[in-house]
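Quick notes on the structure that follows.
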Amino acid sequence: MGINRHSLEAVRTVSVSGGQIELRCYRPHCDEAADRVPLLLTHGGPGGSSVGLYDALHPLADRRPTIFYDQLGSYASPADLSPEQMTLKRFATEPLRILDQLRMPRAHVFGHSWGGAVMTQFCLDHPDRVKALLLSSPLLSTQRWIADCNQLTKNIQLELGGSVHLEEEFERRHFCRSARASDQDALRCERERGNHKLYTQMWGPSEFQHHGMLSDLDLFPGFKDLSNPTLLICGEFDTATPQTMQDARSAIGECAQLEVLKDAGHKTYIDRNQAFVELINDFLIQLD
């Protein structure tokens, strides 16, 4: 195993409305890399954790200062949120508080799944603080997500009939397709860190069943206002479907590009880990 070309420089807390969030700051050993525009990353859920993102994406910290943070109410940032705090707008204030505390004028920002919604809203609210927007299998519209998942589950039922255990088959095909023991162990650890109460309150009982507070989430109307370089990534079999991601790319316009990773589900950064890391590094190095 190779030695990381970066170190954990600091673990900090940042005060936000409703509590404190934890972030972990990594710095490359190479001075040239350390001088590059930082990358700020957050997780999906709601209620996930960026610890799993670091486990998969730590090579990114070899190339530039990299900050992973857990959203309020998540694993390393525990809090009991009121319904008034469970809004996209409030979650999208957290990156601003982080950049202000770290005295970073701008950063590349990355969000996976629900975290993609958070970072998109942050970019819309504060475009001057964003160098580039990276969206990994993002939630961009709840109604589109549910419609896409309904079609995916319908396809499974038509193919396999009514006796199939739908949720298990859905996860095998569309959530994480890798059957490697190490990848399944990583996925299990991610789930153990999740705040399932918050996930259920804000989303619902499963990826394809929404009964939560995000019914009206729809970022498509704001895409015309995005001008920051934007990278959309999804898997070939993702719940954030290639067609919806193509619609998003078209709505954003010339500043956006889409990459679809073959034989990957929603956990693209697990299913196609090396290709995922290379894709992000190649995209960002063009902007430095």
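Answer with yes or no whether R5 is in contact with a Leu (Cβ under 8 Å, 6 or more places away or on another chain) and either touching a residue at least 60 places away in the same chain (Cβ under 8 Å) or not aromatic (F, W, Y) (or both). Spelling it out, it is not the case that R5 is in contact with a Leu (Cβ under 8 Å, 6 or more places away or on another chain) and either touching a residue at least 60 places away in the same chain (Cβ under 8 Å) or not aromatic (F, W, Y) (or both). Could you tell me whether the stretch 50-73 includes any residue that is of a type in the set (K, R) and not in a strand (DSSP E or B)? Looking through the stretch 50-73, at least one residue is of a type in the set (K, R) and not in a strand (DSSP E or B). Restricted to the stretch 193-248, and to residues that are crowded, with 19+ Cβ neighbours inside 10 Å and of a type in the set (G, A, S), which residue is nearest to N155 (Cα to Cα)? It comes out as A240. Checked against the criterion of being part of a helix (DSSP H, G or I), modelled with pLDDT under 95 and either out of contact with any Cys (no Cβ under 7 Å at 6 or more places or on another chain) or over 27 Å from F175 (Cβ atoms) (or both), the stretch 74-83 has at least one qualifying residue. Applying the selection to the stretch 96-133, what residues are of a type in the set (D, E, K, R) and either part of a helix (DSSP H, G or I) or closer than 16 Å to D218 by Cα (or both)? The answer is R97, D100, D125, D128, R129. If you take the residues of the stretch 154-178 that are at pLDDT 95 or above and outside any helix (DSSP H, G or I), which of them is surrounded by the fewest Cβ atoms within 10 Å (Cβ to Cβ)? Among those residues, the one meeting the criterion is S178.
Residue-level analysis places S137 among those that are in contact with a Ser or Thr (Cβ under 6 Å, 6 or more places away or on another chain) and touching a residue at least 24 places away in the same chain (Cβ under 8 Å).
The values are calculated or read from the model by the stated rules, or taken from the named source; none is laboratory data. Source: prediction; values computed, not measured. Counting neighbours? That spans all protein chains shown, and the Cβs are built from the backbone with ideal geometry, glycine included.
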